[in-house]
Amino acid sequence: MTTIEEAAAKIAAAGPCSPRLARDPVNQATVNTWIEAIGDANPVYRDPYFAASSVHKGLVAPPAMAQVWTMPGLRGARAGDDPMGAIITVLDEAGYSSIVATNCEQTYHRYLRPGERVAVTTELEGVAGPKRTALGEGWFVTTHMRWTVDGELVGEMLFRVLKYRPAAPEPPAPVLRPVISRDTEFFWAGLRAGELRIQRWGDTLRHPPGPMPPDGALDTTPDYLVASGRGTVYSYVVHHHPPVPGKRLPFVVALVELEEGVRVIGELLDAAPDEVRIGLPVVAAFVRVDDDLTLPAWKPLVSGEAGSNRPGHSRAVSELPPLRIDASTTFVVSTALATRDFQDVHHDRDAAVARGSQDIFLNILTDTGLVQRFVSEWAGPEAIIRSVKIRLGVPCYAGDTLTFTGRVLARDGAEVEVAVSATGKLGEHVTGTVALTLPAGAS
Amino acid sequence: MTLSRAAAIAGIGATEFSKDSGRSELRLAAECVTHALADAGLVASDVDGLVSFTMDGTAEIALARELGIPELSFFSRVHYGGGAAAATVQQAAMAVATGIADVVVTYRAFNERSGQRFGRVSAAAAAQVNSSGVDNAFHYPMGIATPAATVAMVAQRYLHDYGATSEDFGRIAVVDRAHAATNPAAWFHGRPITLAEHQASRWVAEPLHLLDCCQESDGGVALVVTSAERARDLRHPPAVVAAAAQGSGPDQYVMTSYYRDDLAALPEMGVVGRQLWAQSGLGPSDVDVAVLYDHFTPYVLMQLEELGFCGRGEAKDFIAGDTLTLNGPLPLNPHGGQLGEAYIHGMNGIAEAVRQVRGTAVNQVRGVDAVVVTAGTGVPTSGLVLTRD
């Protein structure tokens, strides 16, 4: 057992810290600030008349605010027996100085009402590490928080952070270069000249090219045809993981059937993954890497041609209407403050950059709120959210646009489980699942 | 002379399956062979042949030195990644049947999680200066650079052509993990999954979710092959090699046979299947257990079609209900497969086939007479039919 594991075992063995009361009771002013920042229009949180006749029989607080009530605030300090503070100190001293939240799994036993005052306890579940991550070597720290009102358990949360030693930024990986033979050189020379060249033996086209003709005659030599570049997607892959040198995740690679009849592989540019479908008309593009190498690629023939239908893939599941969130600087700052998260990386650009980020970025409490909003807008104002479990991917920096997509995973009567994903410029920002109960009479 | 029923697998051995073995690949190889010889009731000096994969990092002579195998009269390697698995037994059986060797051990041992991870991009595969490197030039630089991505391209077309869904792929993962859950040797022992969990798992290469992909594992498996006649005198009832076949199809590539008329098929496994049935005199309806290579779930469906268990595009209907469960008509991968037990390049599946024939598996299927077991898919591949004596 390492020193860190020993220290963690000791902290975990101490069990939960003593309950810490929220500064303020659940109150409408804080709710209003939050729903305004998140953009959640559900009337059960703000309209007393609607709420009174709803399934809740009165106003309730958004369940995704659970953690907001017991946030320590701008000047707050951790209690002496808070296990999170203790393990952070241990890891800081071991050189794992940076922190990022990775998972947040909230379960709501019931909704909170204005006037109720929440208390929270935190318990260390454990640490795992050291792990090599994209950010650097680090330890995953898992805590379990429980929220109570007068001793009644109203909600709980598994929260996981990565405490890491920042790695020196690596230069962007170069592309994987092709091995070129005497038989294939003309193809690569063509790409450098902006031509998609297909090997031709008499009337027969062949791709990928090779040294022998279809009839096996040793006295014939091939030439090539310059393809029109037009074709249709025969099949495709949306690559999410792991990283590939020279590519930004996620990316689409398409196997295209040219109108001349052969199939050629290339990255499909300028098309969102959910716009791609088999049969999509495309045209060749040429991606120059350097003087020696140009790669073949594709672009949709007509922009907007793609459509969002993805046959054979998602046809059998119910999809939620997508939600786009413009994560402007104002949005990032206002949601951070509305969730009572005063970490500087969410409102101070200079501080964020000094810590290695390219800008301020969205906080995890907001992600939980946005996921709740996205699913509620589909399920209706009286759907009851039972849990929101999310995992963070790439950061969402100010200026990005997030697109939330979701689909029903399982449905048992009124009980529904939904998978959610939010993607921005850098790739997948959040994935997760939401469990909810649909209102009576919903179909 | 025919190969069918001339040889048998008389011993099986494995290391533990882990994510970090903490020892060298050579040590893993030596351990699994030691266990396999003990299982057969043989000693190192009985061995005169060794066979492995070209991808294996342990040379036959290094293994012979460590184990004290004094002389080798037969050594051979089989190419094309996991497609080699069953072919190592075919090599051994041919050597035994022709009198070239008497006791041949086949092995595969690697630190495939803690060392070189197969799920990552292999720059070396892209850069090799040979005909395979030239082949790889037409997809690696464009971004088809991992095993999952190569399979996803075929899987996407399969969904399109036959109206299957990601959930149909997921049903394979659910069955494998259910079987692994009751196999103490499996990495995912005690950890079954639901179809909803499969659907919620993150994308690796659409249309493949994380739970469509096998594990990366550390470990080793070895098999002892000798004549059926000699095997009868050894410790366990022989698992007779009723058929052993290799197959490569038209316009074949390694994982990227994208230029065939029909993309959504595995004709190389059809080549294997036709030989298996012809050699053994058996057919799909005679098979009591199917151990099908499951590095990625879509290829299990396509193997069922290529081997003749159902028609082209019908696997999604064939696997409905309890078909693949331990008490179903065609139990699949009772050990949990490579999705559930471990990814040892298909060799752990052959060991499971032997246990099922012996009647000693932890998830034993009742009344097993014949087991079909296959090797890596999407590549030139191989397969076996093992039967009771």
### Query
How many of the residues in the stretch A:358-373 are of a type outside the set (A, V, I, L, M), more than 16 Å from A:T102 (Cβ to Cβ) and in contact with a helix residue (DSSP H, G or I) (Cβ under 7 Å, 6 or more places away or on another chain)?
4
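Matching residues to (1) of a type outside the set (A, V, I, L, M, F, W, C); (2) under 17 Å from A:H241 (Cα atoms); (3) modelled with pLDDT under 95:
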| site | (1), (2), (3) |
| --- | --- |
| B:D135 | yes, no, no |
| B:Y140 | yes, yes, no |
| B:T150 | yes, yes, no |
| B:L159 | no, no, no |
| B:I172 | no, no, no |
| B:P184 | yes, no, no |
| B:R191 | yes, no, no |
### Message
Here is a list: A:D47, A:D82, A:D40, A:D92. Which entry is acidic (D, E) and in contact with a helix residue (DSSP H, G or I) (Cβ under 7 Å, 6 or more places away or on another chain)?
### Response
A:D40
### Task
For residues that are within 12 Å of chain A (Cβ to nearest Cβ) and either assigned to a helix (DSSP H, G or I) or within 22 Å of A:S235 (Cβ to Cβ) (or both), tally how many sit in the stretch B:213-230.
1
### Residue count, the stretch B:313-341 (criterion: crowded, with 16+ Cβ neighbours inside 10 Å and at positive phi)
4
### Task
Run B:T323 past the list (1) farther than 23 Å from B:Q90 by Cα; (2) in contact (Cβ under 8 Å) with a residue 12 or more places away in the chain and report the number of the one that doesn't hold.
(2)
### Query
Does the stretch A:83-98 contain any residue that is surrounded by fewer than 17 Cβ atoms within 10 Å (Cβ to Cβ), under 27 Å from the mean Cα position of the chain (by Cα) and of a type in the set (A, V, I, L, M)?
no
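Can you give me the number of residues within the stretch B:138-153 that are at the interface with chain A (Cβ under 7 Å from one of its Cβ atoms) and either out of contact with any strand residue (DSSP E or B) (no Cβ under 7 Å at 6 or more places or on another chain) or of a type in the set (S, T, N, Q) (or both)?
3
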### Summary
Taking the stretch A:280-313 and keeping only residues that are within 18 Å of B:Q156 (Cα to Cα), away from chain B (no Cβ under 14 Å) and at pLDDT 90 or above, one is left with A:P281
### Task
Filter the helices (runs of 4 or more DSSP H) completely within the stretch A:19-123 down to those with at least 1 residues that are within 18 Å of A:L337 (Cβ to Cβ) and modelled with pLDDT of 95 or more.
A:28-38
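Which strands (runs of 3 or more DSSP E) does the stretch A:383-443 wholly contain that include 2 or more residues that are within 14 Å of chain B (Cβ to nearest Cβ), surrounded by fewer than 17 Cβ atoms within 10 Å (Cβ to Cβ) and not acidic (D, E)?
Strands (runs of 3 or more DSSP E) meeting the threshold: A:400-412.
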### Task
Tell me which of these B:S114 doesn't satisfy, since it passes every other one: (1) under 30 Å from A:P242 (Cβ atoms); (2) free of Cβ contacts under 8 Å to residues at least 40 places away in the same chain.
(2)
### Summary
Over the stretch A:246-272, the set of residues within 22 Å of B:A127 (Cβ to Cβ) and within 7 Å of chain B (Cβ to nearest Cβ) is A:K247, A:F251, A:V253, A:I265, A:G266, A:E267
#### Entry: Looking only at the stretch B:350-376, and only at residues there that are of a type in the set (V, I, T) and part of a loop (DSSP other than H, G, I, E, B), the one that is nearest to B:Q90 (Cα to Cα)
B:V368
### Task
Scan the stretch B:192-212 residue by residue and report those that are more than 21 Å from the chain's Cα centre (by Cα), closer than 13 Å to B:D168 by Cβ and facing chain A (nearest Cβ under 9 Å).
B:L195, B:Q199, B:P207
## Note on the structure
Across the stretch B:112-137, the tally of residues that are among the aliphatic types (A, V, I, L, M) and either more than 7 Å from chain A (Cβ to nearest Cβ) or part of a helix (DSSP H, G or I) (or both) stands at 6
### Failed condition for A:P178, given (1) modelled with pLDDT of 95 or more; (2) under 20 Å from B:A127 (Cα atoms); (3) touching a Gly at 6+ places or on another chain (Cβ under 6 Å)
(3)
### Query
In the stretch B:83-108, which residues are of a type in the set (S, T, Y), crowded, with 24+ Cβ neighbours inside 10 Å and outside any helix (DSSP H, G or I)?
B:T106, B:Y107
#### Entry: Of all residues in the stretch B:116-149 being among the β-branched types (V, I, T) and crowded, with 23+ Cβ neighbours inside 10 Å, the one that is farthest from the chain's Cα centre (by Cα)
B:I144
### Task
Select from the stretch A:206-245 the residues that are within 11 Å of another protein chain (Cβ to nearest Cβ) and not in a loop (DSSP other than H, G, I, E, B) and write down the one among them that is surrounded by the fewest Cβ atoms within 10 Å (Cβ to Cβ).
A:R206
### Query
Name the residues in the stretch B:163-191 that are at the interface with another protein chain (Cβ under 8 Å from one of its Cβ atoms) and of a type in the set (S, T, Y), would you?
B:T165, B:S166
### Message
Looking only at the stretch B:260-295, filter to residues that are without any contact (Cβ under 8 Å) to a residue 60 or more places away in the chain and part of a loop (DSSP other than H, G, I, E, B); which one of those is surrounded by the fewest Cβ atoms within 10 Å (Cβ to Cβ)?
### Response
B:D261
### Out of A:S97, A:S53, sole residue that is hydroxyl-bearing (S, T, Y) and without any contact (Cβ under 8 Å) to a residue 40 or more places away in the chain
A:S53
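The values are calculated or read from the model by the stated rules, or taken from the named source; none is laboratory data. Nothing here was measured: the structure is a model prediction, and the numbers come from that model. Don't worry about glycine lacking a Cβ; one is built from the backbone with ideal geometry, like all the others, and counts go over all protein chains shown.
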